[in-house]
Amino acid sequence: MFKGKVVAFALMLVLATSVYAGDVDPCLSTIGIYPCAQMKMTICPGGDFEYWRTACGGTADYVWIECLGAGSVPIVGIPWTDYWMNACDAAKQLKLCISPFTADSLTGADGRTTFSGRVAGGGCTLSQGLWWAVQGKTILAQPGCLTGGTDKVCLDIIVKSPDLTGNGGVVDGIVNLLDLTPFGISFHKNLGQAGYNACCDYNDDDMCDLADFSFFGTHYQHRCPAS
């Protein structure tokens, strides 16, 4: 009974926060990465691989977002889970789990929050970057957006995962034998050699070797939690 009351209270808190947060304007809101120009992130359906805070090679890296509404007024109190992302390359869409990542905090008085935790999901996208959405609205590129443009802001972020494929070639949110096949093709291959697949190079050293196989084995059988 006590557990049920706690869950109910948490849901009430999130819903109440959403009501008072206000509506984000995707043209006025902005997003970026800090402190580098390009992030490299490895994710797992179990949500237990790399952190955003190491995606630039440091220990305090993050994605930031500034959520503004009409008149460039900061939107305060947006819940941790009101965000989404995916690949700007439509052919390389990620398989994100339920609630794949959360913000570090509610948006503050300036409408800002950051992301420095982990992501639960699979797939691989090596080019074109990631788009982000808040309150179901994709952040759009300025200044074109203000005159009717619909181009997404695509952050320069590379994403890899041991969840490489699934039945029918579609990433399925499970690390299993199906994923071992593409990994095996790339194993013992270096950048420039036929068969090398950068999606299998989890430590970004331009080689697919035992170190990467160790990463694969650590996350073997990990999957997205049931909804």
Quiz prompt | Residues of segment 55-81 that turn out to be touching a residue at least 24 places away in the same chain (Cβ under 8 Å) and either within 13 Å of the chain's Cα centre (by Cα) or closer than 30 Å to ASN203 by Cβ (or both), as a count | solution = 9
Quiz item: Among ASP212, ASP205, which is the only one that is surrounded by fewer than 19 Cβ atoms within 10 Å (Cβ to Cβ), under 16 Å from LYS40 (Cα atoms) and under 23 Å from the mean Cα position of the chain (by Cα)?
Solution: ASP205
Quiz item: Any residue at all in segment 203-223 that is outside the structural domain of ALA21 (by TED's automatic domain parsing), outside any loop (DSSP other than H, G, I, E, B), touching a Ser or Thr at 6+ places or on another chain (Cβ under 7 Å) and modelled with pLDDT of 95 or more?
Solution: yes
Quiz item: Which residues, counting only those in segment 50-70, are more than 17 Å from GLY129 (Cβ to Cβ) and either in contact with a Phe, Trp or Tyr (Cβ under 8 Å, 6 or more places away or on another chain) or in a strand (DSSP E or B) (or both)?
Solution: TYR51, ARG53, GLU66, LEU68
Self-check item: Qualifying residue in segment 156-179 (condition: free of Cβ contacts under 8 Å to residues at least 40 places away in the same chain, outside any loop (DSSP other than H, G, I, E, B) and within 25 Å of CYS56 (Cα to Cα))
Solution: no
Quiz item: Which of the following residues is modelled with pLDDT of 95 or more, more than 21 Å from the chain's Cα centre (by Cα) and surrounded by fewer than 20 Cβ atoms within 10 Å (Cβ to Cβ): LEU155, LEU146, LEU180?
Solution: LEU180
Exercise. Inspect segment 185-199 for any residue being modelled with pLDDT of 95 or more, in contact with a Gly (Cβ under 8 Å, 6 or more places away or on another chain) and not in a strand (DSSP E or B) and give the result as yes or no.
Key: yes
Exercise. Taking the residues in segment 158-177 that are polar (S, T, N, Q) and surrounded by fewer than 18 Cβ atoms within 10 Å (Cβ to Cβ) as candidates, determine which candidate is modelled with the lowest pLDDT.
Key: ASN167
Exercise. Go through GLY149, GLY117 for me and flag whichever is under 30 Å from ALA70 (Cα atoms) and in contact with a helix residue (DSSP H, G or I) (Cβ under 8 Å, 6 or more places away or on another chain).
Key: GLY117
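The values are calculated or read from the model by the stated rules, or taken from the named source; none is laboratory data. Nothing here was measured: the structure is a model prediction, and the numbers come from that model. Cβ coordinates were reconstructed from backbone atoms using ideal geometry, including for glycine residues, and neighbour counts include every protein chain displayed.
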